[in-house]
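Heads up: the structure comes next, in structure tokens.
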Amino acid sequence: MTAATTSLIILVGLLIVLVLWVVGVYNGLIRLRNLVQEAWRQIDVELQRRHNLIPNLVETVKGYAKHEKGTFEEVTRARNMAVAPGSSVAEQAQQENVLTQALGRLIAVAEAYPDLKANQNFQQLQQELTNTEDRIAAGRRFYNANVRELNTKIEVFPGNIVAGMFGFKRADYFEIEDPAARQTPNVQF
């Protein structure tokens with residue numbers, strides 16, 4: 001075997017290793033992108049459930065608090081914005097934050113009516129909404145963990161080379177922007 005043949009075998013071997021590495025990184029990026037998309041779809045299911053509960057909650061509260069028209073319109077407007085199709089993750093997060101704030105005001109209105117608070121239908125709707133919010137929070141954590149992993153793989157060397165070659169982009173986090181949700185609660189005894 002000549003030196004040229006040995007060099008050619010080594011070069012072909014290195015080329016095969018390089019191709020296998022690129023395929024492995026590419027497949028890993030595809031898996032992560034699919035996980036991010038699946039996690040978003042899970043959040044979307046819970047957001048849709050939330051959006052479907054809101055009209056029932058508004059109608060229940062309306063029966064008790066007829067003079068709170070502005071609050072009802074605000075919740076309805078925020079819900080309609082949140083269910084509008086074609087939003088990016090960042091836009092959807094912004095719309096959901098507006099809806100969360102409007103729902104908080106609706107629940108505050110409901111707290112002012114003892115008969116409403118005791119209403120079985122209202123209690124059930126409030127419990128369903130609470131459970132849905134918990135599932136959205138869990139879905140958001142799962143989604144954001146997958147986004148972090150994908151974004152890290154896209155940004156670190158040498159994976160960033162493969163990500164750049166095949167057009168992989170960073171995914172957006174689904175973040176809370178409600179200042180009240182970020183504050184530490186004040187507990188007094």
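We did not get these values from a lab; they are worked out from the coordinates using the rules stated. Treat the numbers as computed from the prediction; the structure is a model and nothing was measured. Quick reminder, even Gly has a Cβ in these numbers, built from the backbone with ideal geometry, and neighbours come from all protein chains shown.
Annotations
- Our estimate of slack between residue 152 and residue 26, defined as 0.36 nm per intervening residue step minus the Cα-Cα distance, is 44.0 nm.
- Stokes-Einstein diffusion coefficient of the range 89-137, Kirkwood radius over Cα pairs, 20 °C, 1.002 mPa s, in µm²/s: 179
- Sorting the segments 97-106, 164-173 by their mean number of nearby beta carbons within 10 angstrom, highest to lowest, gives 97-106, 164-173.
- Helical runs assigned H by DSSP (4 residues or longer) give the chain a calculated mean residue ellipticity at 222 nm of -28000 deg cm²/dmol, each run adding -39500 (n - 2.57) before division by the residue total.
- Over every Cα atom in the chain, the radius of gyration and the widest Cα-Cα span, Dmax, amount to 25.1, 95 Å.
- The angle between the Cα long axis of helix 69-83 and the longest principal axis of the Cα atoms of the chain comes to about 20 degrees, rounded to the nearest 10.
- Helix 3-64 vs. the chain, principal-axis angle (Cα, 0 to 90°, nearest 10): 10
- Centre separation in Å (Cα based) which lies between the range 111-143 and the range 78-94: 21
- Taking 161, 154 and counting other C-beta atoms within 10 Å, the order from fewest to most: 161, 154
- Once the Cα atoms are used to define both axes, helix 89-111 deviates from the longest principal axis of the chain by about 20 degrees.
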